[in-house]
1. For the range 1-133, what is the accessible area per residue in Å² when the probe is 1.4 Å?
2. By how many nm would the segment from ASP46 to GLN3 lengthen if fully extended, with 0.36 nm per residue of separation less the alpha-carbon distance?
3. Given a 1.4 Å probe and the protein chains all in place, what does the accessible area of THR59 round to, in Å² to the nearest 10?
4. Could I have the simple spin-label model distance between LYS105 and GLU122, label points 7 Å from Cα toward Cβ, reported in nm to one decimal?
5. Out of the total accessible area of the chain (probe 1.4 Å, heavy atoms of protein only), what percent is carbon and sulfur?
6. Given Cβ point charges of +1 (Lys, Arg) and -1 (Asp, Glu) and nothing else, what value in debye, to the nearest 20, does the dipole of the range 64-128 about its Cα centre take?
7. In the full protein assembly as shown, how much of SER6 is accessible to a 1.4 Å probe, in Å² to the nearest 10?
8. Just to verify a number: FRET efficiency for GLU68 and SER97, C-beta to C-beta distance, R0 = 22 Å, to 0.05?
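The values are calculated or read from the model by the stated rules, or taken from the named source; none is laboratory data. Computed from a predicted structure; not experimentally measured. Positions of Cβ are backbone-derived with ideal geometry, glycine not excepted, and every protein chain shown enters the neighbour counts. Quick note on the areas: whole protein, heavy atoms, side chains included, nothing else; ligands and nucleic acids left out. Shrake-Rupley method; radii C 1.70, N 1.55, O 1.52, S 1.80 Å.
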Amino acid sequence: MTQFESSIKQIPHPQQKVYDMLSDLGNIERVKDKIPEGKLDDLTFDRDSISMSVPPVGTVAMRIVEREEPKCIKFESVSSPMPFNFWIQILPTGDTSSKMRLTIKADIPIFLKGMVTKPLQEGIEKIADALAMIPYEG
């Protein structure tokens, strides 16, 4: 398994608010209009799972396998070209702010490692940036 981590992102919202939003995938409805056109297609989700078509990768689906309120949400791939685990860690930095780090552990075949390492690292960073900008209030 190869591990990728995002940088730590500061979020100007309390840990519990961030956890409440991210631990229920149904909340994607509130922010899906902010996803750039052509980045994700066929996006479907419910409280515990999400599926999307990611050009040129194909369909990627994952589900929440563990919720550790209010600090961690763990996902596992259901459908993906490569099996992976993904988790979001949220820690408080004060009463009204928190910080977040994303981690992916992927089972990457050795012959693909060189091709996918950079895109995966860039991808996890972009996801972390997007999650840090979500309006968690309201």
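1. About 58 Å² of surface per residue is accessible.
2. So the extension gain works out to 12.8 nm.
3. Looks like 70 Å² after rounding.
4. In this crude spin-label approximation the distance works out to 2.7 nm.
5. 55
6. Here the size comes out at about 200 debye.
7. SER6 exposes around 10 Å² with every protein chain in place.
8. E between GLU68 and SER97, to the nearest 0.05, is 0.65.
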